[in-house]
Amino acid sequence: MAKRDYYEVLGLQKDAAKDDIKRAYRKLAIQYHPDKNPGDKNAEEKFKEATEAYEVLGDDQKRQAYDQFGFAGVEGMSGGGQQYSTVFRDFEDIFGGFGDFSSIFGSIFGNAGGFGQDRRSDRPRRGSNLRYDIELPFEKAIYGTSVEITYTKDDTCKTCSGSGSVDGSGRKVCGTCKGSGQVRRSSGFFSISQPCPTCGGEGSVIDKPCHDCSGSGITKKKQKIKVTIPPGVEDGKRVTIPGQGDVGPNAGAPGDLYVFIHVRPHEYYERHEQDLYCAVRIDMSTAALGGEVVINTLDGKKIKLAVPPGTQHGKLLRVREEGVPSSSGRKGDLYIKVLVQVPNRISRRGKELLEEYRRLEGENTEAQTVKLSDVANS
């Protein structure tokens, strides 16, 4: 089932204040707390869903990433949901009367590695997705490139081959919980299930843990890979590298690596969808009489630009298929804004010729008022 938007879960708008987020979460947490709804799986799921939403929206950094990139923006943060500092800060306010709130929280979620995961199973679980941000020069984003990146990920321990034990015997059933991963604790009329203190909720233990991975079967590894950036990638987009995230517990499949692209602005060019825009200066005689000027394109080519006679200052001239490449192979266009340059100094002969032109064409001493919108568009 697809995850619901976090704001929708808490019944809030995107501009909700932090206090509103906290109040909304409190209301739902009290309403759906499993101790108030014993045996109600639907209430437990709603409680988990609300807590996950609050974990993100209650933290300024995670909320900003979620607002910008959605669920992918927060997958790699705090280990993909492995820390609940935001929730724990407020659990005492909400559940202070229930005694040990940390054990209650642990009993509800079992595995601190993620919402709703079952720690009692030794089955392989998929690893976390990771996020990597890179900044690209404008030209590289337009025409594509390959970038070598280095990052740290969880990988299978080489010493124990992922078994977690020195002799490779792996795990055995926990004697305290008999493999269930849970023990029950009574507090007054409440009976609370919480993770087994011996096995930490796993349901199994390792007699001789591997020294390199401390029994987890996972160690940190520095990974170096080459990432291919396709032509025309936009600022804020991501490239997904399958299988290059963290390896999963119990030899689970690795997650993915999300490479987010940040494009450095160019000094002379701007991009609007598949088209490029720049500006060039031409002299007033070329603007008046027409002609050709040579311009440098973004990819370093020199092309001739035809300037029609009577070209006005601010006019846009188009060069077809010199813009941004698309996935279909077609390029956008290049739009060139013409800036007519009036010389600061004119030779004596040039002055004579301009005076003659003025006599021939007549001199208009009345300035014409123009619309401000025309000025803004020129």
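Observations on the structure shown:
- Count of residues meeting criterion [more than 14 Å from the chain's Cα centre (by Cα), closer than 18 Å to Gln13 by Cβ and outside any helix (DSSP H, G or I)] in the stretch 34-72: 1
- Tally, over the stretch 307-352, of residues that are at pLDDT below 85 and closer than 16 Å to Gln274 by Cα: 5
- Screening Lys27 against (1) free of Cβ contacts under 8 Å to residues at least 40 places away in the same chain; (2) closer than 26 Å to Arg238 by Cβ leaves a single unmet condition, (2).
- Test: residue in the stretch 283-296 that is in a loop (DSSP other than H, G, I, E, B), in the same structural domain as Glu361 (by TED's automatic domain parsing) and either of a type in the set (Val, Ile, Thr) or touching a Phe, Trp or Tyr at 6+ places or on another chain (Cβ under 8 Å) (or both): no
- Some residue of the stretch 249-270 being polar (S, T, N, Q) and part of a strand (DSSP E or B): no
- On the stretch given as the stretch 297-343, residues that are of a type outside the set (Gly, Ala, Ser), under 27 Å from Lys140 (Cβ atoms) and not in a strand (DSSP E or B) total 10.
- Residues satisfying the stated conditions in the stretch 25-46, i.e. more than 11 Å from Leu57 (Cα to Cα) and in contact with a Leu (Cβ under 8 Å, 6 or more places away or on another chain): Leu28, Lys46
- Residue check for Val338: among the β-branched types (Val, Ile, Thr) and either surrounded by fewer than 16 Cβ atoms within 10 Å (Cβ to Cβ) or in contact with a helix residue (DSSP H, G or I) (Cβ under 6 Å, 6 or more places away or on another chain) (or both): no
The values are calculated or read from the model by the stated rules, or taken from the named source; none is laboratory data. These figures come from a predicted structure and were not determined experimentally. Glycine also receives a Cβ, built like all others from the backbone with ideal geometry; neighbour counts cover every protein chain displayed.
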